[in-house]
Every structure is written in structure tokens, then in C-alpha cells.
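Taking it in order: structure first as C-alpha cells, then the write-up.
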Amino acid sequence: MPRAFAGLLAALWIAFAAAPAARAADAPLDDAARATAVDKAADLLRNRYAFPDVGARLADKLTASLAAGDYRSASTPDALAADLNRDIRQVTQDPHLKAFTKQVVDDPPPQSDEGVARVDMLEDDIGYIELVGFPPVDLFKAYADKAMKLVRGSKALIIDLRRNRGGSPQTVSYAASYFFDPSRPVHLNDIIFRVPNTSGLRTVAFQTSPTPFSYLNRPVIVITGARTISGGEEFAYDLQAQKRATVIGQPTAGGANPGAAMPLIAGLNLFLPTGHAENPVTRTNWEGQGVQPDIPAAPADVMAAAVAAAHRALGLPMASAIADPDDATDEALWVSTELMRPTTGEHPGSLAALKRMIEDIGKGKPDYGAMTPAIAEQTRAQLAALQGAVSAAGAPTYFRFAENDPDGADTYEVNCARGQMRWTIALDGSGKIALASLGGGP
């Protein structure tokens, strides 16, 4: 299942999220398996891809390549994914649309406490926050509120998105809300979704919402890089379009089409964008070209450029030097208010909640009162598939804590009578399940 039982109902800004693979990516494929994969991809493109005309053209391209024997040498899911992606790129440069066999990232995403990796104070009362993701808003709020409280007294704020891999658009809107007048909602972004099995579209609007306090009338500097993607790009683009922040750094990755991971055959998946962003100010988005910085800066110089921009906005003398957060050792430059370190180890209550959830899903009677409204809604919609997966795996026999995921949630390997599952779970401040994902099967 995609993350948070996810993506089918909740719009997610994810960069090539992993879907479960029932067999290894190097397992042999025959003609029937290749045909099944292509037929499923073509059907998804024709009926669910964000852009109906492009989806139809790409579906025709894939089926023609299959008929011509272009995929015959693809003997494994990995090889077929490479061939499919070659043809996909001939029709569209959409960076979210991708065949894959596992999570596709150049390096592991940075760990954080629910999206917030670091909070610091620089000289001259300049705050610094690094956001590496936008997990479900019910998880994000407490950490974002804590981080903003720590820099509440700063004269300017630098928000670092260079390692941000995206997440929920609802969470992006909440994070941006701190920087606008709370007396009136600000329309930040629209996502225009394809209505499945039709050429029709529907629009979901995102706007600011109340926060514990507001960070108004002070400079905000947003740092971007080439790996900033999806929701990280939206945050920068929204604030830039509203003229609420100065963007400094490099153009971003250029992925403005959210969607979900869809299985094609065992071991091979397609991340399929089912919508696209449209900013109410620019009437377009950052797809393909990325968010363009107001002040370009090379990676080695970007922190110095951000601090210089904050100093200019405050009318202060230029700093002689500033270190990058990862390299900073000079306490005169980095005065740590609080370093929000990654969570390590299990959170209290996670295992008990997971055991109850698996048992209830197996019976077809989840306890929706133990979930946040968003997770409850998604569970209702996908109960049949979840119950089928749990039933196929059989009764759990052993739970082992594996790791904290990049957002700090708890991941468990669950041995079952007929297979193994991998679950990730996180609870909100009231103990309700705010994130749950099933990855792996019997």
C-alpha cells in the first residue's frame, strides 16, 4: 500500500514513493508478464493520468513499443522499468511519472522529527529552520509550532528546503500560514485532479489556516536546491508568488504533479500523477523548469547569500562569513537555541496501536475513533484491500521494531503465519493514529 494508506484520497507531494514489491526486482519476466505490465500502465495513463491527452499519447507509445518487440529483452522488473521510463521521457518530462521497482532517490532522505530537521539562531537574531519534508499535518503541527516558537523573537528567518522531498499539500499550507495575516485567509494554491475514467477535472483549493501566532512584517529567506522537489517546491513557490519571501539558491527539481504509486505487476510499480498544481497568482506552476530563485547562488555560497539577504533587509552590515549548518562549528556564528534531533527508538504506544489496528482490520472492523479523521477516511475507502492483505499474510507471530522513518515514525517488521509485512505508524499528541502505511506482503 502507498504511504498513509495513501494517495488515493489524500493528495500527496511525494518524490517517487515506494510501493511494496512482492518479489525481487531482478526476478525473471516472461512475455505475459511484460504484456500485463504495459497493459496496466496504458490503462492507468488513459484513465487516471493528470493530463488526459498526454496520457492517451503515452499509452499508445507504450503499447506500440510492446507490439514492436521493444521490451522483449527486458528480462527483469528493473530492466522493464528502464525501458518504460525511456519511452515515458520521449513523451513527457514529468519527473513524477516514473516506473520503479523500489524507492528512487540518490541518497536516503534525511531523518527529522516530523519534517523539522534543525532549528538554530544565528548572530544578529536571525533564525534558521530546516524543513526536510511535509508529513501529514496532524503529525507536523506540534513540531512546526515548537520550531516557530523557538525563532519567534528573531528579526529575520531563513528556511532551508535544500533536502526537502515533499509531502502533504495541506501541511505545506499550514507551514506557510505562519507568514500571513491571520485575519484573512490567503489562497495559496490549487490542485486540479483528473476525475478517474473521464476527461473531467476537479479543483481542490488550499489556503492559510490559523496558527498559534504569526510571523509578520519580518524578512523571510527561503533556500532551495536542485533536490528540492514537490511540496518543498510548492512552499517556496507559494511564498514567492505572494511576495512574502525571497528565494535564494538553485532552481528546484520541477515536479508539480502529485499522485500515488500504482502496482503494475509483482515487483514493478508506476508512480502516476493524478493532478497538477495551479497557483492563483501566476496561473501556472513550476513543472519542468523548477522554482527559479530570486537570487541565484551556488551550493557552496548559498548560506552566505541567505545571511547577506537577511542583513540587507534589516539594514545591518554584511557578515564576514557564515558556515553551512552541516559544517558549522563556530559558536560565534551558530548559537543553537535547540537542535531538534532525529527520533531514535520506539515511541510509547506505537506497538500496541499497531497490534490493535492489524487485528481490527483483519476482522473488517477498524476502530475509526482511534484514528485521526484523515486516516479514518482513507481506511474506510481502502478497507477491502487492507483486509485482503492482512488476511493473506495470516496471523501475526512476531513484531520487531526496525527503524524510525525519515519523519520519525516507527517502522516494524511483522512476521505472520504465511508471510511478512512491514508497517509504519505514528501517533499524534492525543494518541490517535495519524500515519499508517503497509509496505510488503506475503
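The values are calculated or read from the model by the stated rules, or taken from the named source; none is laboratory data. The structure displayed is predicted, hence computed values, not measured ones. We place every Cβ from the backbone using ideal geometry, glycine too, and count neighbours over all the protein chains shown.
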Of residues in the stretch 372-404 being without any contact (Cβ under 8 Å) to a residue 24 or more places away in the chain and over 16 Å from Glu359 (Cβ atoms), the one surrounded by the most Cβ atoms within 10 Å (Cβ to Cβ): Ala376
Count of the stretch 376-402 residues which are assigned to a helix (DSSP H, G or I) and not β-branched (Val, Ile, Thr): 15
Criterion (over 28 Å from Thr228 (Cα atoms), outside any helix (DSSP H, G or I), modelled with pLDDT of 95 or more and out of contact with any Phe, Trp or Tyr (no Cβ under 8 Å at 6 or more places or on another chain)) met by exactly one of Asp26, Asp43, Asp39, Asp70: Asp70
Residues satisfying the stated conditions in the stretch 242-272, i.e. closer than 17 Å to Pro296 by Cα and in contact with a strand residue (DSSP E or B) (Cβ under 9 Å, 6 or more places away or on another chain): Ala245, Thr246, Val247, Ile248, Gly249, Gln250, Pro251, Thr252
Meets criteria (buried (at least 22 other Cβ atoms within 10 Å of the Cβ), assigned to a strand (DSSP E or B) and modelled with pLDDT under 85) for Ala117: yes
Residues located in the stretch 345-375, provided they are outside any loop (DSSP other than H, G, I, E, B) and polar (S, T, N, Q): Ser350
Pair list, Cβ < 6 Å and 6+ apart or interchain, from the stretch 117-129 residues that are among the acidic types (Asp, Glu) to residues that are at pLDDT 90 or above: Asp120/Tyr128; Asp125/Ser154; Asp125/Lys155
Candidate set from the stretch 155-182 (those that are small (Gly, Ala, Ser) and modelled with pLDDT of 95 or more); member that is farthest from Ala313 (Cα to Cα): Ser173
Qualifying residue in the stretch 268-285 (condition: within 30 Å of His311 (Cβ to Cβ) and crowded, with 19+ Cβ neighbours inside 10 Å): yes
Residues (in contact with a strand residue (DSSP E or B) (Cβ under 8 Å, 6 or more places away or on another chain) and buried (at least 19 other Cβ atoms within 10 Å of the Cβ)) located in the stretch 194-214: Arg194, Phe206, Thr208
